[in-house]
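Enquirer: Take a look at this one; I'll ask things after.
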Amino acid sequence: MTLRTYPRFITLEGGEGAGKSTVLSALREVLRETGREVVSTREPGGTPLSEQIRGLLLDPHHETPTIDTELLLMFAARAQHVRETILPALERDAWVISDRFTDASYAYQGAARGGDPVFIAELERRVVGIAPALTLLLDVPVAVGLQRARGRGAADRIEGERDDFFERVREGYLARAAAEPARFRVVDATQSPQTVAADAVAHMRRLIGEVS
């Protein structure tokens, strides 16, 4: 089974504190101003059941899951998300913007935790089956991103990882971007929030021009 790419599907990726929420809001507003229906969502999450799985994954008070447990829970949430939220929207020609998608599993459970990328790819094919047309990778040095993230309050289980974990996450993301240059656009997220959002919007406008 090969992945089906949907031209109106955009994903945002990046490490902690990269500014994905700000960018997602900017992209959503531009699409709405042009009269397009847009669904914005997040991972893990995006449906009631997937949000419950998110709680299991991120609550630091639960027992620490094994690598495979974490990976399978991520894909369980993603499978529900795709079937209940993402695909119905795409099939009615709405635009979908997701704060994280499958690339996050390659970066976090793969590159950072040492999970098998071949197994991740198999899960992607069997239980996800779709891919975005555009992935915006908001890239920021780990020290800068963590300073931003840790200023927001109590850390969840993944935010509480050591700095070297997030260095591997960043390396994993950049490797994904290098391997798929047609889909990825790397945005320098050390810039001001307004500049980062403007760069992201410019990339999206080019996609809109190709789709319309």
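Enquirer: Given 0.36 nm per residue, what is the gain on full extension from residue 212 to residue 91 after removing their alpha carbon distance, in nm?
Expert: Here the answer is 42.0 nm.
Enquirer: Continuing with the same structure: At a threshold of 8 angstrom on Cα-Cα distance, excluding pairs fewer than six apart, so keeping six or more, what relative contact order does the chain reach in percent?
Expert: Values: 324 pairs, mean separation 74.2, N = 212.
For the chain, the relative contact order is 35 percent.
Enquirer: Quick check: with the 1.4 Å probe, what order do 212, 105 take by accessible area, largest first?
Expert: Largest accessible area first, the residues go 212, 105.
Enquirer: Another one. Taking the chain as a Gaussian network, Cα atoms linked when under 10 Å apart, which of 98, 21, 40 shows the biggest mean-square fluctuation?
Expert: Of the options given, 21 has the highest mean-square fluctuation.
Enquirer: While we're on this one: Hey, what D do you get for the chain in µm²/s if you plug the Kirkwood alpha-carbon radius into Stokes-Einstein at 4 °C and 1.567 mPa s?
Expert: 75
Enquirer: Hey, rough spin-label estimate for residue 36 and residue 5, points 7 angstrom out along Cα→Cβ, what's it come to in nanometres?
Expert: 1.6
Enquirer: Could you please state, rounded to a whole Å, how far the C-alpha centre of segment 111-132 is from the C-alpha centre of segment 21-85?
Expert: 16
Enquirer: Which is the longest run of the chain containing none of the GluC sites (Glu not before Pro) found in DSSP loop states (not H, G, I, E, B) with at most 13 other C-beta atoms within 10 Å? Mind dumping the intermediate values first?
Expert: Values: sites that count: 37, 63.
Formally, the longest exposed-site-free interval is 64-212.
Enquirer: So, one more: How large are Rg and Dmax for segment 1-123 when only the alpha carbon atoms are used, in Å?
Expert: 14.9, 46
Enquirer: Here's something else I'd like to know. Could you tell me the accessible area of residue 83 in Å² (1.4 Å probe, neighbours in place), rounded to the nearest ten?
Expert: About 110 Å², rounded to the nearest 10.
Enquirer: In deg cm²/dmol, rounded to 500, what helix-only [θ] at 222 nm does the chain give when every DSSP H run of at least 4 residues adds -39500 (n - 2.57) and the total is split over its residues? Don't jump to the answer; show the numbers that get you there.
Expert: Details: 9 runs with 101 residues, N = 212.
Computed mean residue ellipticity for the chain: -14500 deg cm²/dmol.
Enquirer: For the modelled label position 7 Å from the Cα of residue 167 along Cα-to-Cβ, which residues of segment 132-156 have backbone nitrogen atoms closer than 13 Å?
Expert: In segment 132-156, the label zone of residue 167 (backbone N under 13 Å from the point 7 Å along Cα→Cβ) covers 142-143.
Enquirer: Ranked by accessible surface with a 1.4 Å probe, highest first, in what order do 103, 68 come? Don't jump to the answer; show the numbers that get you there.
Expert: Working: 103 5, 68 85 Å².
Listed by decreasing accessible area, they come as 68, 103.
Enquirer: Tell me, in nm to one decimal, what length is gained between residue 179 and residue 126 on full extension, where the rule is 0.36 nm per residue of separation less the Cα-Cα distance?
Expert: 16.9 nm
Enquirer: Which order do 22, 195 take by accessible area at a 1.4 Å probe, largest first?
Expert: Values: 22 75, 195 50 Å².
Per-residue accessible area, sorted high to low, gives 22, 195.
Enquirer: Let me ask something else about it. Assuming 0.36 nm per residue, please report the length gained on full extension of the stretch residue 22 to residue 158 beyond their Cα-Cα distance. It would help to have the intermediate numbers written out before the result.
Expert: Working: separation 136, 0.36 × 136 = 48.96 nm, distance 2.06 nm.
The residue 22-residue 158 span can extend by a further 46.9 nm.
The values are calculated or read from the model by the stated rules, or taken from the named source; none is laboratory data. Keep in mind it's a predicted model, so treat the numbers as computed, not measured. Note: ideal-geometry Cβ built from the backbone for every residue, glycine included; neighbour counts use all protein chains shown. These accessible areas exclude ligands, DNA and RNA; they are computed on the full protein's heavy atoms, side chains included. Shrake-Rupley method; radii C 1.70, N 1.55, O 1.52, S 1.80 Å.
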